[in-house]
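**Q** Encoded as structure tokens, here's the structure I'll be asking about.
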Amino acid sequence: ILDRQDARLVGGHAGGFSSRNQARFDDSRLTQSGQVMPWNLIRSTFDFGPSPSGWTPLSGSWSVQNGSYGNSTNASFVVTLANQVLGNAYSIDADIVPSWRASGNQSGFVYDYENGSNYRELRLIPTPSNGKTLRFVEVRAGVRTVVTEWTPPIGPIHVALVRRGDVTIVHTRPGGTFALRQTAPRVAVRAGLLASWNLVRFDNVVLAAA
């Protein structure tokens, strides 16, 4: 990694390597200070042992299934929240594996969650071409509003949502990046996992807060 204190070195790359070895790298994240998220983060990585510590189901039944966290309730709004209290700069990302792939079988995140009447959703909605449309939903005083939608060129498996002030950024792998303006939270909030008329497994979940 090149040191910017040396005037001759103005950039570079960072990564992982192995030498005469076979190595596995998991839950890898690279960010740069002053951009999407800084390094000084409180991080909670959930590998889901026998019990899903750090999570509180808000609705439906949730349990560990073969090392991932999933729901067994097929209903319109099935949510589990991370216990960590958040401000206006945080991120949540996960591998999202739905059981069913019709347009009504949805999955994703809840974020900026204040209470049952005030929160935001990011929903992954399957498309006929085996892709996924990402739908941003705002719930205020119990009233639901679709803010916008984005369809990546390739349906994602891994999704990362970043909140930084009044900006929301979504990175999908594969797929790309999408950003929009959303009012920054003025109170403490939480984030979590969402299933809607679907049985969904979430793996490699990382919650990071500045």
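**Q** For residue 129, indicate whether it is farther than 25 Å from residue 53 by Cβ, among the small types (Gly, Ala, Ser) and open to solvent by 20 Å² or more (accessible area, probe 1.4 Å). Working first, answer last.
**A** Details: farther than 25 Å from residue 53 by Cβ: yes; among the small types (Gly, Ala, Ser): yes; open to solvent by 20 Å² or more (accessible area, probe 1.4 Å): yes.
Yes: the conditions hold for residue 129.
**Q** Only one of (1) open to solvent by less than 50 Å² (accessible area, probe 1.4 Å); (2) in contact with an Asp or Glu (Cβ under 7 Å, 6 or more places away or on another chain); (3) part of a strand (DSSP E or B) is not met by residue 145, so which one is it?
**A** Result: residue 145 passes all but (1).
**Q** If you go through the range 175-185 one residue at a time, how many are open to solvent by 50 Å² or more (accessible area, probe 1.4 Å) and either part of a loop (DSSP other than H, G, I, E, B) or within 25 Å of residue 75 (Cα to Cα) (or both)?
**A** Looking only at the range 175-185, we keep the residues that are open to solvent by 50 Å² or more (accessible area, probe 1.4 Å), and these are 177, 179, 181, 183.
After this cut, where a residue has to be either part of a loop (DSSP other than H, G, I, E, B) or within 25 Å of residue 75 (Cα to Cα) (or both) as well, the list is 183.
Total satisfying the criteria: 1.
**Q** Mind checking whether some residue in the range 15-25 is touching a Lys or Arg at 6+ places or on another chain (Cβ under 8 Å) and either at pLDDT below 90 or among the small types (Gly, Ala, Ser) (or both)?
**A** No, because not a single residue in the range 15-25 is touching a Lys or Arg at 6+ places or on another chain (Cβ under 8 Å) and either at pLDDT below 90 or among the small types (Gly, Ala, Ser) (or both).
Residue by residue, here is whether (1) aliphatic (A, V, I, L, M); (2) within 18 Å of the chain's Cα centre (by Cα); (3) open to solvent by 60 Å² or more (accessible area, probe 1.4 Å); (4) at pLDDT 80 or above holds:
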site: 42; (1), (2), (3), (4): yes, yes, yes, no
site: 56; (1), (2), (3), (4): no, yes, yes, yes
site: 72; (1), (2), (3), (4): no, no, yes, yes
site: 82; (1), (2), (3), (4): yes, yes, no, yes
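**Q** Would you check which residues across the range 186-210 are closer than 16 Å to residue 111 by Cα, more than 14 Å from the chain's Cα centre (by Cα) and open to solvent by 10 Å² or more (accessible area, probe 1.4 Å) and list them?
**A** 186, 187, 188, 210
**Q** Give the residue that is surrounded by the most Cβ atoms within 10 Å (Cβ to Cβ), with candidates limited to residues of the range 84-109 that are assigned to a loop (DSSP other than H, G, I, E, B) and touching a Phe, Trp or Tyr at 6+ places or on another chain (Cβ under 9 Å).
**A** Among those that are assigned to a loop (DSSP other than H, G, I, E, B) and touching a Phe, Trp or Tyr at 6+ places or on another chain (Cβ under 9 Å), it is 105.
**Q** Which of the residues belonging to the range 152-174 are more than 12 Å from the chain's Cα centre (by Cα), of a type in the set (A, V, I, L, M, F, W, C) and assigned to a loop (DSSP other than H, G, I, E, B)?
**A** 154
**Q** Ok, one more. Regarding residue 112, is this residue in a strand (DSSP E or B), open to solvent by less than 40 Å² (accessible area, probe 1.4 Å), at positive phi and out of contact with any helix residue (DSSP H, G or I) (no Cβ under 9 Å at 6 or more places or on another chain)?
**A** So residue 112 passes the test.
The values are calculated or read from the model by the stated rules, or taken from the named source; none is laboratory data. All values derive from a computational prediction rather than experimental measurement. Please note: Cβ atoms are built from the backbone with ideal geometry, for glycine as well, and neighbour counts cover all protein chains shown. Quick note on the areas: whole protein, heavy atoms, side chains included, nothing else; ligands and nucleic acids left out. Shrake-Rupley method; radii C 1.70, N 1.55, O 1.52, S 1.80 Å.
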